[in-house]
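The values are calculated or read from the model by the stated rules, or taken from the named source; none is laboratory data. Nothing here was measured: the structure is a model prediction, and the numbers come from that model. Note that we place each Cβ from the backbone using ideal geometry, even for glycine, and neighbour counts take in every protein chain shown. When the accessible area is computed, the model is the full protein with side chains, heavy atoms only, and any ligands, DNA or RNA have been set aside. Shrake-Rupley method; radii C 1.70, N 1.55, O 1.52, S 1.80 Å.
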Amino acid sequence: MFDPGALRLVVLGLIAEEPRHGYDIIKALEAMFDGTYSPSPGAIYPMLQMLEEADLVVSEADGNKRLYRITDAGKAYLEENAGELDRIKAQIRHLSGHMGGAAIGEEMRGLGFALRQKMRGDWSREQVEKAREILKKARREIEDL
């Protein structure tokens, strides 16, 4: 959904609004997209580590979580890139408005979960082929929208 530079800037902007935990950042991004997109922890936590290594944020233990705060260098970085952050936020607003609150990401995650659960079981060759045909048909229908 984001290129790494855009994600970095948006995450830093969220931390500038208020100190946040990683999970809070994921939920804030999900809210920005009206539920149509939710970044994975695998995208957010390495990003937070990179921001900390670049001295743009600092973290402190907060129970069993880490609380991230923006640094003066992070504030300066945001000021230098304010125009870009505004452009990215406008794109997010446009995309989430265009999607009309349809939580496609939730359905994609649900489909992935259902497939993983089924694949752990004993599927017959016929069941595998039927699942494959269902997925192919769904892909074609989406492409034809």
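Kindly establish whether Glu79 is touching a helix residue (DSSP H, G or I) at 6+ places or on another chain (Cβ under 9 Å), at negative phi and among the acidic types (Asp, Glu). So Glu79 fails the test. In this entry, Ala90 passes the filter for residues that are in a helix (DSSP H, G or I), aliphatic (A, V, I, L, M), loosely packed, with under 11 Cβ neighbours inside 10 Å and at pLDDT below 90. Residue count for segment 41-77, restricted to those that are in contact (Cβ under 8 Å) with a residue 60 or more places away in the chain and either open to solvent by 40 Å² or more (accessible area, probe 1.4 Å) or of a type in the set (A, V, I, L, M, F, W, C) (or both): 1. Within segment 108-131, the set of residues being surrounded by fewer than 11 Cβ atoms within 10 Å (Cβ to Cβ), charged (D, E, K, R) and at pLDDT below 90 comprises Arg116, Arg120, Asp122, Arg125. Taking the criterion of being crowded, with 16+ Cβ neighbours inside 10 Å and either hydroxyl-bearing (Ser, Thr, Tyr) or part of a helix (DSSP H, G or I) (or both), the residues of segment 1-20 that qualify are Ala6, Leu7, Arg8, Leu9, Val10, Val11, Leu12, Gly13, Leu14, Ile15, Ala16.
Residues that are open to solvent by 30 Å² or more (accessible area, probe 1.4 Å) and among the aromatic types (Phe, Trp, Tyr) within segment 24-40 comprise just one, Tyr37. Exactly one residue among Ile44, Ile15 is among the hydrophobic types (A, V, I, L, M, F, W, C) and at pLDDT 95 or above, and that residue is Ile15. Search segment 70-87 for residues being among the charged types (D, E, K, R) and farther than 20 Å from Ala31 by Cα, and hand back the single one that is modelled with the lowest pLDDT. Applying the filter and picking the extreme gives Glu84.
Note on segment 21-55: residues that are touching a helix residue (DSSP H, G or I) at 6+ places or on another chain (Cβ under 6 Å) and not in a helix (DSSP H, G or I) amount to 7.
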